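This report concerns only the one structure given below.
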Amino acid sequence: MTLLDRYLARQILWYTLLVMAVLMTLSALFLFLGQQDDVGTGTYDMGDALFFTVLNVPQQFFQLLPIGALLGALIGLGNLARGSELVVIRAAGVSNPRLAGAAALAGTGLFVLAMAVGELLAPPLEAYAKQLKTFGKFSEQRFAGGGGAWVKEGDRIVSVQQQSADNMFGGLYVYVLQSRPDGSRTLASFGRAERASLVGEGRWLLGRYVESAMTPERVRTRQLGELEVESRIDPAFISIGMTDPAALPIRGLVRYVGLLRANGVESRSAETALWSRISRSLSTILLCMLAVPFVLGPLRSSGAGSRTVIGILIGVSYFLINRTLENTGEVYALEPLLVAWGPAALLALVTFGLIWRVR
């Protein structure tokens, strides 16, 4: 690593940090404003909303860093191009691949920072923020769980094993207790639903529900098909105990995939989340390198505003392609490696192709 490499990398890192400061300020502001509808529910107040926002800043930083790296590289190298510094550097015999290598050096530093924040800092703080908000909003309900959610509401205890969407759950067990004259409690009935969904305010629809009622003489089992029940349990409260692959760090995803495979459970979604997390982090390096051909080519004499718009368009497009392919992969059961690494491979192909072609 020469003095020139350090100089170029320092320019990219400096402007990336400036861009991230702006992005994080806007992101935190929007997140805080989005909490205002929940302020006043239960014991959740304005201070809790502010604390919730602060705790989510590392996760927002991790998600926005690839776009911030691209913008920082475009602005930093663009300023050097407008000041003719890149012209002098290239006239001194420095090739385009060498400039791309310096950008990759900065991207590597940002990748290490992203992994540190995304693996060590963001997951526990995000989980704590979620618990803080949910326990504040639903303080009248009690929760316990690990590897699933257990919620107690009056004489009813609900166990949820899987979450498929925000308001849809699967593998739901319902235990109903009854009081005896001596004050003790016994199990009155036990039921299982293959799926459950929220269909209205305080109304749940249980699908393929089978109930076993306990009587002194025998156990009576009924297949009720679909059953609508009234409950104050909120999906956000249940979701605390559910495993959300997208929110897990890489080491947690590796353990989660291994656990699913060991128990013969479909692990495609967890594998997709694992490889997508790795590929999106590595894309930070490619996005820094992508700035080089744009700055040396069509954006050589453009202002910072033009480069910012181009960077936002490229970053948002890459993000949308990632999300679209991940959702399509879930629907059509595509190979997780293809879903996760397809956009990154396309980005690498475009980046190296442009670097090779630029003059």
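The values are calculated or read from the model by the stated rules, or taken from the named source; none is laboratory data. Note that the coordinates shown come from a computational prediction; the quantities given were computed from them, not determined experimentally. All Cβ positions, glycine included, derive from the backbone under ideal geometry; neighbour counts span all protein chains shown. Calculation scope for accessible area: heavy atoms of the full protein, side chains included, ligands and nucleic acids excluded. Shrake-Rupley method; radii C 1.70, N 1.55, O 1.52, S 1.80 Å.
For THR328, what accessible area in Å² do you get when you roll a 1.4 Å probe over the heavy atoms of the protein chains, rounding to the nearest 10?
THR328 exposes around 50 Å² with every protein chain in place.
Give, as ranges by residue number, the residues of segment 46-68 whose backbone N falls under 15 Å from the point 7 Å along Cα→Cβ of LEU121.
Answer for segment 46-68: 54-66.
When all protein chains stay in place, what accessible area (Å², nearest 10, 1.4 Å probe) is found for LEU105?
70 Å²
First compute the accessible area of segment 255-297 with a 1.4 Å probe, then give the percent of it belonging to carbon and sulfur atoms.
The C+S portion of the solvent-accessible surface of segment 255-297 is 59 percent.
Counting other Cβ atoms within 10 Å, which GluC sites (Glu not before Pro) in segment 174-224 have at most 14 and lie in a DSSP loop?
Here the GluC sites (Glu not before Pro) that fit, given the DSSP loop and packing criteria, are GLU201, GLU217.
So which residue, out of ARG323, ARG156, ARG180, gets the largest mean-square fluctuation from a GNM of the chain using Cα contacts under 10 Å as springs?
ARG180
For a Förster distance of 56 Å, can you work out the FRET efficiency between the beta-carbons of THR108 and ARG203, rounded to the nearest 0.05?
0.60
How far, in nm, would the chain grow between LEU346 and SER184 when pulled straight, counting 0.36 nm per residue and subtracting the alpha carbon separation?
Taking LEU346 through SER184 to full extension adds about 51.9 nm, to one decimal.
Would the chain count as rounded, prolate or oblate if I go by the C-alpha gyration tensor, calling it rounded below 1.5 in a/c and otherwise prolate when a/b exceeds b/c, oblate otherwise? Mind dumping the intermediate values first?
On the way: a/c = 3.38, a/b = 2.38, b/c = 1.42.
The shape class here is prolate.
Any idea how far the Cα center of segment 306-327 sits from the one of segment 330-344, in Å?
Here the two parts' Cα centres lie 18 Å apart.
Can you list the residues of segment 1-41 with backbone N under 17 Å from a point 7 Å past the Cα of LEU132, pointing along Cα to Cβ?
Residues 28-41 qualify, since their backbone N sits under 17 Å from the label point.
Taking the Cα-to-Cβ direction at ALA92 and at VAL54 and moving 7 Å from each Cα, how far apart do the two end points lie in nm?
Roughly 4.5 nm, to one decimal.
At what distance in nm do the modelled label points of THR324 and ARG220 sit from each other, each positioned 7 Å from its Cα along Cα→Cβ?
According to this spin-label approximation, the distance is 5.6 nm.
Provide the per-residue ³J(HN,Hα) series for segment 66-81, in order, calculated from phi with Karplus coefficients 6.51, -1.76, 1.60 and θ = phi - 60°, each as a whole number of Hz, with x at glycine and proline positions.
x, 5, x, 5, 5, 5, x, 5, 5, 6, x, 5, x, 5, 5, 5
With springs connecting C-alpha atoms under 10 Å apart, model the chain as a Gaussian network and identify which of ARG192, ARG222, ARG203 has the largest mean-square fluctuation.
ARG222
Taking 0.36 nm per residue of sequence separation and subtracting the Cα-Cα distance, how much length would be gained by fully extending the chain between ARG6 and VAL254, in nm to one decimal?
Here the segment from ARG6 to VAL254 would lengthen by 85.8 nm.
Just to make sure I understand: if all protein chains stay in place, what is the order of SER317, SER197 by accessible area at 1.4 Å, largest first?
Working: SER317 60, SER197 30 Å².
Output order, biggest surface exposure first: SER317, SER197.
Give me the accessible area of MET214, 1.4 Å probe, in Å² rounded to the nearest 10.
Taking all protein chains as shown, MET214 has close to 70 Å².
Mind checking the per residue accessible area of the chain for me, 1.4 Å probe, whole number of Å²? Please list the in-between numbers first.
Working: 18650 Å² over 359 residues.
With the other protein chains kept in place, the chain gives 52 Å² per residue.
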